[in-house]
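Each remark here refers to the structure printed beneath this line.
Any read-out appearing in this document is the output of simple, stated calculations on the displayed coordinates, not a laboratory observation. Keep in mind it's a predicted model, so treat the numbers as computed, not measured. Every residue, glycine as well, gets a Cβ built from its backbone with ideal geometry; the counts of neighbours run over all protein chains shown.
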Amino acid sequence: MYELNDLIIQMSFSIYSNPGVYAVLLGSGISRSAGILTGYEITLDLASKLSTMIEKKEVKDVSKWYKNYFKEDMNYSKIITKLANTRSERSNLLKPYFEPTEKEKEEGKKIPTKAHRSIARLVKYGYLRMILTLNFDRLMEEALTAEGVNPHVISSVDSIKGTPPPIHSNCILFKIHGDYLDSRIRNTVEELEKYPNKYNKYLDRIFDEYGLIICGWSSDYDIALRNALQRIKNRRYSAYWAIKDNLSQTGKELLNFIRATEVPINNADQFFSNALDNTESLMKFKKPHPLTSKIAVESVKRFLSKNEYIKCHDLVKEETERVHKLITSEKFNVGVKCEKEVYQNRMHNYESAINVLLPIMNTITYFGSGKYLELIASTIERLLPEMNYRYRGGLHWLQIYPALLLEYSIGIVALYAKNFEALTNLFLKPSYIEEDERELAIESLNIDYVFQGNYSNFIPYKEENRKTRASDYLFELFQKILKSDIPEKVKYEENFDIFEYLIGLIYLDKINPGSEIKNIRFPIGRFSWKYFGWGANKEKGRVIFGQFFKNYLKILLTKGFFGGSEDRFNKLRQSYEDTLSKLHR
């Protein structure tokens with residue numbers, strides 16, 4: 001899977017920050033998914049037809065036959081001349097290679113790909129103006145025309161004369177190797193070794209004045225183009241080279257020479273469509289920073305609205321992997337001495353590590369359904385560490401903190417949005433490994449487990465004597481984080497309290513189903529002091545929690561909570577509230 005959050009977003013930000021200064025260089029790989037043959041493949045096919053006509057049988061080694069028969073290497077232009085006399089005949093001969101039949105259109109062949117359409121959209125927005133292509137087809141022109149862009153097309157030395165300076169054109173399409181309707185296209189080794197002087201001058205200017213985005217090009221056979229790139233003395237802007245497979249030694253040397261950033265990709269369609277998505281997100285928010293939560297959220301909203309699950313899945317997975325790689329790095333080493341300052345810094349570092357993943361998952365929770373919500377469980381599981389009883393201490397337990405933050409954030413948003421399917425994926429599905437055994441995540445994914453013993457005193461909360469320091473700290477933390485999701489303070493506090501009340505019930509039901517609560521530690525939130533402690537407003541708590549279960553208990557039971565039994569729930573809840581009251585008395 002390509003590295004979206006590091007390289008493609010970096011490139012997208014470069015495009016966004018420097019509109020019109022990047023040129024795109026497209027090789028044959030850009031059109032392969034459309035079913036378009038390369039120039040050499042067309043030449044080989046034409047030579048095969050010619051050999052069959054002459055020999056009256058199929059020839060195995062067409063290239064060798066051609067050289068022996070005509071005493072020259074295969075040459076596109078000469079083969080065309082041998083097969084068709086007039087311009088019209090040549091045009092008809094080549095059309096099947098480039099122009100789709102009705103059936104091919106239905107199959108999505110020989111029509112502009114996602115890559116072509118994404119580039120055309122970036123041109124329409126004004127972020128790209130110069131397109132260099134080595135392809136003979138007209139897919140790029142078609143995609144641009146569909147976006148209302150009429151490019152100035154250069155396909156021969158003659159057409160350079162009438163082309164306006166790049167700064168005065170909304171788009172220039174330079175077809176370096178020619179157009180399929182012109183028999184002068186460049187295809188043979190000799191033709192690719194040297195360009196006309198006017199081509200070289202034009203390319204020198206482009207490579208000097210523009211940044212470069214290369215895709216679908218191996219560089220192995222295009223000697224003249226390699227030479228043009230190697231004439232670059234100073235680069236004003238960055239170069240990005242999207243690579244699907246490994247480059248040859250020649251390609252690697254060129255990549256290093258032009259100091260291009262190598263961007264591993266799956267295919268051109270995915271590469272350019274993601275670049276477009278990121279740029280559109282930046283356009284909406286106009287923020288000069290590539291990796292912000294707002295950009296990520298806007299991307300997720302677009303994926304959800306267009307039902308583009310794969311893109312959403314990839315974004316979540318890649319950001320999750322980025323977080324996992326970070327929180328398991330040496331920066332988060334748990335072998336250091338656990339002092340108060342170290343502990344507090346570690347908490348803040350964990351909070352910073354997931355500052356993009358949190359809003360991504362909140363957005364999915366608020367607006368998503370079905371398979372999108374399944375990403376909740378897999379994300380939680382990926383961030384949970386494999387715990388071991390032999391190595392337990394404050395920083396070891398604190399490794400669960402990133403997943404705990406996700407749990408709180410998703411849970412509060414799910415309650416506010418009344419998305420009970422999200423709660424199911426949050427509480428009933430995630431699991432983790434402990435001592436080689438797989439356990440339900442909720443057994444350790446709670447504040448009582450993460451902030452055990454005296455380490456709770458290390459939590460950076462201003463009131464020293466609070467019994468629920470962890471809960472109070474998280475309440476204030478998420479009040480800031482979720483302000484845009486839940487702007488009403490009263491609503492936020494109600495849903496925070498319901499979440500902590502609910503997680504205590506679910507925890508007890510999972511570890512002690514159907515039994516009386518005796519000598520069992522369970523997560524206790526700040527709500528307990530408000531509604532069950534000294535001077536508690538029990539009536540208010542009874543109204544808030546009572547109204548919630550009156551409205552939504554049946555939904556929870558149908559989702560599998562409390563074994564689907566209302567009687568089991570009622571007994572557990574009574575015991576739960578009695579225990580909370582006794583605890584504070």
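Computed over the range 276-374, relative contact order equals 38 percent, with contacts defined as Cα pairs under 8 Å that lie 6+ residues apart.
Just need log10 I(q)/I(0) for the chain at q = 0.06 Å⁻¹, Debye formula, equal scatterers on the alpha-carbon atoms, no solvent, rounded to two decimals. Per q value, in the given order, log10 I(q)/I(0) is -0.46.
For Leu25, the residues 5 or more places off, or on other chains, whose built amide H falls under 5 Å of its own are Leu132, Ile213, Ile214, Cys215.
If packing is taken as the average count of other Cβ atoms within 10 Å, what order do 51-63, 438-450 fall into, highest mean first?
Numbers: 51-63: 12.3, 438-450: 19.2.
Order by mean packing, descending: 438-450, 51-63.
Using C-alpha pairs under 8 Å with a sequence gap of at least 6, the mean separation divided by the residue count of the chain gives a relative contact order of 11 percent. Full extension of the chain between Gln479 and Ser156 gives 110.0 nm of extra length, using 0.36 nm per residue less the Cα-Cα distance. Sequence-ordered 3J(HN,Hα) estimates for the range 339-344 from the Karplus curve with 6.51, -1.76 and 1.60 and θ = phi - 60° stand at 9, 4, 5, 4, 4, 5 Hz, glycine and proline given as x. Length gained on full extension, Asn227 to Glu89, computed as 0.36 nm times the residue gap minus the Cα-Cα distance: 46.1 nm. How tilted is helix 401-417 with respect to the longest principal axis of the chain? Cα atoms for both, answer in degrees (0 to 90, nearest 10). Roughly 90 degrees, rounded to the nearest 10. Scalar couplings 3J(HN,Hα) for the range 307-320, obtained by applying the Karplus form with A = 6.51, B = -1.76, C = 1.60 to θ = phi - 60°, are 6, 9, 4, 4, 5, 5, 4, 5, 4, 5, 4, 5, 5, 4 Hz; x denotes Gly and Pro. Look at the dipole of the chain built from charges on Cβ: of Leu203, Ile295, Leu423, the Cα furthest out on the positive end belongs to Leu203. Here the 3J(HN,Hα) profile of the range 225-230, calculated from phi with Karplus coefficients 6.51, -1.76 and 1.60 at θ = phi - 60°, is 6, 4, 4, 4, 5, 7 Hz, Gly and Pro shown as x. Distance between the pseudo-spin-label points of Glu107 and Lys491 (7 Å out from Cα toward the beta carbon): 5.3 nm.
Below 8 Å between Cα atoms, with a sequence gap of 6+, how large is the relative contact order for the range 39-104 in percent? For the range 39-104, the relative contact order is 25 percent.
Among the listed pairs Lys325/Lys418; Lys103/Lys175; Lys429/Lys540, which have their C-alpha atoms separated by more than 30 angstrom in this model? Before the final figure, lay out each step's value.
Values: Lys325/Lys418 33 Å; Lys103/Lys175 28 Å; Lys429/Lys540 32 Å.
Checking Cα-Cα distances, Lys325/Lys418; Lys429/Lys540 exceed 30 Å.
Each principal axis of the Cα cloud of the range 304-486 was taken in turn, and the coordinate range along them, longest first, works out to 49, 37, 26 Å.
Dipole orientation for the chain: of the candidates Leu440, Met11, Gln547, Met11 has the Cα lying most toward the positive pole (charges on Cβ; Lys, Arg +1; Asp, Glu -1).
About its Cα centre, the dipole of the chain is roughly 1020 debye, where the only charges are +1 on Lys and Arg Cβ and -1 on Asp and Glu Cβ.
Working out 0.36 nm times the residue gap between Ser248 and Glu193, then minus their Cα-Cα distance, what length gain in nm do you get to one decimal?
18.0 nm
Calculated translational diffusion coefficient of the range 416-494 (10 °C, 1.306 mPa s; Stokes-Einstein with Kirkwood radius over alpha-carbon pairs) equals 106 µm²/s. For the cross-link pairs Lys124/Lys244; Lys550/Lys571; Lys82/Lys110; Lys311/Lys480, the ones whose C-alpha atoms lie over 19 Å apart are Lys124/Lys244; Lys82/Lys110; Lys311/Lys480.
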